[in-house]
1. Please give the contour-minus-distance gain from residue 253 to residue 14: 0.36 nm per residue of separation, less the Cα-Cα distance, rounded to one decimal in nm.
2. Name the residue, out of 216, 178, 69, whose mean-square fluctuation peaks in a Gaussian network model built on the chain with Cα pairs under 10 Å.
3. Mind ranking 201-208, 319-326, 263-270 by how tightly packed they are, going by the mean number of other C-beta atoms within 10 angstrom, highest first?
4. Under 18 Å from a label point 7 Å along Cα→Cβ of residue 60: give me every residue in region 122-137 with its amide N that close.
5. Hey, in the GNM for the chain with a 10 angstrom Cα cutoff, which one of 161, 290, 14 fluctuates hardest?
6. Of the candidates 56, 311, 272, which one comes out as most mobile in a Gaussian network treatment of the chain with C-alpha springs shorter than 10 Å?
7. Using a basic spin-label model with each label point 7 Å from the Cα along Cα→Cβ, how many nm lie between residue 124 and residue 42?
8. What percent do you get for the relative contact order of the chain when only Cα pairs under 8 Å and 6+ apart count?
Ligand code: SDX
């Protein structure tokens with residue numbers, strides 16, 4: 001016991017302010033720099049949302065050109081990154097691959113520079129964030145293709161971010177339906193205030209460590225199945241259940257075993273995740289495009305049964321898992337896709353932390369043994 005008021009998991013605690021996004025469970029809404037995320041997903045390429053989150057405003061044509069000119073040349077997989085990935089065991093998880101790759105990029109890019117006053121300027125860190133943003137798709141695509149014994153597909157500078165990501169993964173120009181669904185998923189995954197991985201990035205940035213170290217730490221946090229790793233687990237759940245008519249018996253067993261059903265629930269949203277309707281609609285276009293009504297039947301049966309029994313609603317990972325499956329990504333690749341999107345939110349928060357920094361260091365209420373002397377010790 002302790003006389004201090006403990007907030008386990010920091011639930012409901014405001015640790016700092018942010019101007020980047022707002023999650024409002026009462027209105028069930030998410031704003032990026034004041035814009036409803038649904039409107040951004042309907043109208044913007046992911047690159048424009050990246051510039052919005054970094055700089056605070058939707059970009060001008062000149063700013064989009066800056067991103068194209070300064071980002072796209074960094075799409076190719078660099079030799080040192082490829083060598084590091086090839087040095088990993090063949091069965092390494094794609095999240096371990098992308099975490100390792102960012103470490104290599106940081107070692108090369110940052111020369112160990114920290115975020116301290118004499119370190120890189122904000123502009124330099126936006127440029128570094130852009131180079132990292134541009135480099136991640138090749139890393140994800142390389143890992144998937146290597147696991148299938150396929151050679152890497154060189155990036156194309158004439159393609160948008162979403163088109164190029166799918167091109168590098170599958171080696172063919174993607175259908176506009178798939179590009180639109182992928183672009184929407186990236187925008188929806190890009191930012192979500194002080195979620196566990198973003199807060200991890202801010203803790204690391206608050207010590208004036210470097211940008212890439214903060215991103216590596218955030219990747220480690222996102223990997224967990226209570227957070228980003230859930231989208232991969234959703235697909236494992238679908239594979240385990242098999243068909244819509246098996247949902248009831250499966251849930252009976254899962255709930256009897258007190259299992260967490262991946263893709264459901266949220267620490268902040270308690271009446272549904274504001275992003276789900278947009279991603280669910282994108283999933284619907286993919287189900288039609290690939291003629292997979294069976295997958296949608298399973299999705300709807302699990303959602304209906306679990307909401308009826310527990311009153312806990314889907315989060316973004318629930319529609320994203322089957323959507324990425326239909327887009328042809330391997331299940332273990334799903335969370336690296338989340339990384340590729342959330343790197344925008346992480347770097348925006350790292351930049352914001354840098355602007356009005358305070359070392360993040362909470363207190364701990366001691367509940368251990370009362371003070372006692374070491375046997376045999378005597379005062380000098
Ligand atoms: C993301 O924070 C963010 O913004 C995250 C994110 C982002 O964009 O960054 O939105 C991305 O991480 C989404 C969440 C992905 N995780 C999952 O889908 C994993 C399954 N979900 C649960 O583990 C859970 O819902 C959490 C961790 C997401 C939130 O849990 P909380 O707020 O800590 O609440 P809790 O775990 O204490 O649950 C309260 C009750 C518990 O029952 P009791 O033990 O009190 O009887 O609800 C139950 C839980 O067991 N519950 C679930 C459940 N979620 C909550 N039971 C079964 N399955 C679930 N999914």
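Since every read-out is calculated from the coordinates, none of them should be taken as a lab result. Predicted model only: the values in this text are computed from it and were never measured. Here the Cβ is made from the backbone with ideal geometry for all residues, glycine too, and neighbour counts use every protein chain on show.
1. Details: separation 239, 0.36 × 239 = 86.04 nm, distance 3.77 nm.
Computed gain between residue 253 and residue 14 is 82.3 nm.
2. It is 69.
3. Values: 201-208: 22.0, 319-326: 25.1, 263-270: 19.5.
The most tightly packed comes first, giving 319-326, 201-208, 263-270.
4. In region 122-137, the label zone of residue 60 (backbone N under 18 Å from the point 7 Å along Cα→Cβ) covers 123.
5. 14
6. 311
7. The answer from the label model is 4.2 nm.
8. Details: 507 pairs, mean separation 88.4, N = 380.
This gives 23 percent for the chain.
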